[in-house]
Amino acid sequence: MKKTALILTILVLCVAVNAQNNNFEMNNNSPTTVKPSKTQFMVRGYGHTGLNSLKSKEEKESSFVGSAFAPIFLFKHSDKLMFEAELEFVLEGNELEVGLEYADVMYVVNKNLTLRAGKFLLPFGTFMERLHPAWINRLPTRPLGFGHDGIAPASGIGFEIRGAFDLGGPKLNYSAYATNGPRLKDGSIEPEEAGLLSFNNYEDNNNSKAFGGRLGFLPFSDSSAEIGFSGYTTNGVGKKDSAYENVGAFLYAIDFSFVKQIPALNGIIDIKGQYNNSKVDNAFYVEMHEDGDEEEYTFNNRSNSFYTQLSYRPTMADSDFLKKIELVGRFSNFNAPEGAEWEEQSDQYAFSVNYWMSWRSVVKIAYQTTNSIGGHDGGGTINGLFIHWAIGL
Amino acid sequence: MKNLQTILIGLLALFTFILTFTACSATKNKYVNIDDKVELKIEKSGAQYWGETCNRCHLAPSPADYNDTDWETISLHMRVRANLTEKEIKKIETFLKSAN
């Protein structure tokens, strides 16, 4: 399967290179100039690699990691119509994992309305849609609450409308979508994750769709600040004809961003934050005891997570070296429901010194400490040193 | 909790409906021709939009890194990905193509 995926990828890349070579046609009037074809194709993307060194009370581990490669394919048919897709190749656990981050077609109807359909990144807050790529994320890790077992949805398969309005200085952007929605982990396969939502619901497990959207408001004419409100709801997350079919879920997020060059500080200040809240209707799950007895249990299935990040780049410094340095600090926390098998309360602090080799290539040297009660690893403190190199393509 | 959920989703749906309705009716001929009016506001340059808008997520790109054709493709991609206004992306694209 993986070999097939690899062969297919190589074929796609070969076609891509060929397509790019044929992207221009000769102008008969002037043999030395070319004019671009109407159809345009590009491969962009990003990659990263690095060293992770993690230390907890019980163990210490260190490993070169990553070599992640995420090509983005852009097919522009006209000024209004485009197809975009992103693959992700990650080496994890001695295996190559291949994922389809998104693959969607988009059409710009007019200056305020764009349609999208397919698998797309969900505008639930801004982190997963705009900030998660390694060359954009200022730290080598994601904040708590995002990624595997996170509570914030990253992508979905469905249909979306979105757009932006210029209000003569302030700006407003919006998006609204319908997707297959999440799938409830009922504990039959992984009892320790009963009650968690899985957003990898490629083939809908019921007839209930998820509806959501985001409103973003930029109050200042220099677009330095943005505040966004996101909602995501569905009436059913359980498998059709199961006891969980009518278990609903409601999630919301509030995000904030402030980016501005401040002459008094000789540089650019970048503040970002996002609060996520997830509420899944209460349901009964089964706990298997070691003696084979079964016991039903329930809990108030409410989770939340939060992160805020501050970074500073002295872009107005006299020294060329200092201009390329960035200092970053981030706090994040995650609270999973009390009474769940995956109950957890975690706080994380992360700090990084970044060196920007160019606008799209950065070396990050980061230290991170996470204090947890509960969770998969049973809690405790994990300290980590990360040295990562990320590049946008 | 259900009430709050209903109210929030209701407000979001109402607002989205109003925005969509407005967006669908946003055709050029509905606007007043401003040729005969005095424009007092100083228009921002593409370079200003480039500096302000791109930096909201990532460092502003170097215009020289792509050719005009590539910038057209990237601009459409970024317009949708970052939900930028038409004015922002057109100004930025024009600047990038003029400065590469």
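A short reminder: the numbers here are calculations on the coordinates, not readings from a lab. Please read all numbers here as calculations on a predicted model, not as lab measurements. Glycine also receives a Cβ, built like all others from the backbone with ideal geometry; neighbour counts cover every protein chain displayed.
Conditions tested, residue by residue: (1) within 24 Å of A:N201 (Cα to Cα); (2) of a type in the set (D, E, K, R).
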residue	(1), (2)
A:G231	yes, no
A:N235	yes, no
A:L251	yes, no
A:K260	no, yes
A:G267	no, no
A:K272	no, yes
A:N276	yes, no
A:K279	yes, yes
A:E294	no, yes
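When you look at A:G156, is it out of contact with any His (no Cβ under 7 Å at 6 or more places or on another chain), within 14 Å of chain B (Cβ to nearest Cβ) and surrounded by 23 or more Cβ atoms within 10 Å (Cβ to Cβ), yes or no? Steps first, answer last, please.
Working: out of contact with any His (no Cβ under 7 Å at 6 or more places or on another chain): yes; within 14 Å of chain B (Cβ to nearest Cβ): no; surrounded by 23 or more Cβ atoms within 10 Å (Cβ to Cβ): yes.
Spelling it out, it is not the case that A:G156 is out of contact with any His (no Cβ under 7 Å at 6 or more places or on another chain), within 14 Å of chain B (Cβ to nearest Cβ) and surrounded by 23 or more Cβ atoms within 10 Å (Cβ to Cβ).
Is there a residue in segment B:80-96 that is out of contact with any Leu (no Cβ under 9 Å at 6 or more places or on another chain), more than 7 Å from chain A (Cβ to nearest Cβ), more than 17 Å from A:D104 (Cα to Cα) and among the hydrophobic types (A, V, I, L, M, F, W, C)?
yes
Would you pick out the residues in segment A:116-136 that are at the interface with chain B (Cβ under 10 Å from one of its Cβ atoms) and touching a residue at least 40 places away in the same chain (Cβ under 8 Å)? Quick ask: steps written out before the conclusion?
Just the residues of segment A:116-136 that are at the interface with chain B (Cβ under 10 Å from one of its Cβ atoms), to begin with: A:116, A:120-121, A:123, A:126, A:129-131, A:133, A:135-136.
Of everything in segment A:116-136, those that are at the interface with chain B (Cβ under 10 Å from one of its Cβ atoms) and touching a residue at least 40 places away in the same chain (Cβ under 8 Å) turn out to be A:R116, A:F120, A:P123, A:T126, A:L131, A:P133, A:W135, A:I136.
Any chance you could count how many residues in segment B:51-100 are over 22 Å from A:K80 (Cα atoms), assigned to a loop (DSSP other than H, G, I, E, B) and out of contact with any strand residue (DSSP E or B) (no Cβ under 7 Å at 6 or more places or on another chain)?
Total satisfying the criteria: 6.
Those residues that are assigned to a strand (DSSP E or B), among the hydrophobic types (A, V, I, L, M, F, W, C) and crowded, with 16+ Cβ neighbours inside 10 Å, I need them from segment A:272-293; list them, please. Please lay out each step first, then the result.
Step one: list which residues in segment A:272-293 are assigned to a strand (DSSP E or B), which gives A:272-280, A:285-288.
Keeping just the survivors that are among the hydrophobic types (A, V, I, L, M, F, W, C) gives A:280, A:286, A:288.
Residue satisfying the conditions is A:V280 alone.
Spot the failing condition for A:A178; the list is (1) more than 13 Å from chain B (Cβ to nearest Cβ); (2) surrounded by fewer than 18 Cβ atoms within 10 Å (Cβ to Cβ); (3) within 23 Å of the chain's Cα centre (by Cα); (4) farther than 21 Å from A:F127 by Cβ, and only one is missed.
Here A:A178 clears every test but (1).
Only residues in segment A:232-251 that are in contact (Cβ under 8 Å) with a residue 24 or more places away in the chain and surrounded by fewer than 17 Cβ atoms within 10 Å (Cβ to Cβ) count as the first member; pair them with residues that are basic (K, R) and not in a loop (DSSP other than H, G, I, E, B), Cβ under 8 angstrom, at least 6 apart or cross-chain, and list the lot.
Close Cβ pairs (under 8 Å, with a partner that is basic (K, R) and not in a loop (DSSP other than H, G, I, E, B)) amount to A:K239/A:R183.
Write out, first by first residue and then by second, each pair whose Cβ atoms fall under 9 Å of each other, whose residues are 6+ apart or on separate chains, and whose first residue, in segment A:168-181, is without any contact (Cβ under 8 Å) to a residue 12 or more places away in the chain while the second is in a loop (DSSP other than H, G, I, E, B).
As it stands, the answer is A:G168/A:S221; A:G168/B:K41, since those pairs meet every condition given.
Report whether or not A:E296 is surrounded by fewer than 14 Cβ atoms within 10 Å (Cβ to Cβ) and either assigned to a loop (DSSP other than H, G, I, E, B) or β-branched (V, I, T) (or both).
Here the answer is no, as A:E296 does not meet what is asked.
Any chance you could count how many residues in segment B:50-100 are of a type in the set (K, R), touching a helix residue (DSSP H, G or I) at 6+ places or on another chain (Cβ under 6 Å) and crowded, with 20+ Cβ neighbours inside 10 Å?
2
Across segment A:340-393, what is the total count of residues that are in a loop (DSSP other than H, G, I, E, B) and either away from chain B (no Cβ under 14 Å) or among the aromatic types (F, W, Y) (or both)? Step through it out loud before you land on a result.
Filtering segment A:340-393 for residues in a loop (DSSP other than H, G, I, E, B) gives A:340-343, A:359-360, A:375-378, A:393.
Adding the requirement that they be either away from chain B (no Cβ under 14 Å) or among the aromatic types (F, W, Y) (or both) leaves A:340-343, A:359, A:375-378.
The number of residues fulfilling the criteria is 9.
Check off (1) among the polar types (S, T, N, Q); (2) under 22 Å from A:A152 (Cβ atoms); (3) free of Cβ contacts under 8 Å to residues at least 24 places away in the same chain for A:S305 and give me the number that stays unchecked.
(3)
Being hydrophobic (A, V, I, L, M, F, W, C) and assigned to a strand (DSSP E or B) is the filter here, so list the residues in segment A:310-331 that pass it.
To start, the set of residues in segment A:310-331 that are hydrophobic (A, V, I, L, M, F, W, C) comprises A:310, A:316-317, A:321-322, A:325, A:327-328, A:331.
A:L310, A:I325, A:L327, A:V328, A:F331 - these are the residues of segment A:310-331 that are hydrophobic (A, V, I, L, M, F, W, C) and assigned to a strand (DSSP E or B).
Every residue, every condition in (1) surrounded by fewer than 17 Cβ atoms within 10 Å (Cβ to Cβ); (2) within 14 Å of another protein chain (Cβ to nearest Cβ); (3) farther than 28 Å from A:N383 by Cβ, yes or no:
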position: A:K35; (1), (2), (3): yes, yes, yes
position: A:F41; (1), (2), (3): no, yes, yes
position: A:L54; (1), (2), (3): yes, no, no
position: A:S62; (1), (2), (3): yes, no, no
position: A:G66; (1), (2), (3): no, no, no
position: A:P71; (1), (2), (3): no, yes, yes
position: A:H77; (1), (2), (3): yes, yes, yes
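Which one of A:F211, A:F229, A:F220 is aromatic (F, W, Y), within 14 Å of chain B (Cβ to nearest Cβ) and in a loop (DSSP other than H, G, I, E, B)?
On the way: A:F211 fails: in a loop (DSSP other than H, G, I, E, B); A:F229 fails: in a loop (DSSP other than H, G, I, E, B).
One residue alone meets the criteria, A:F220.
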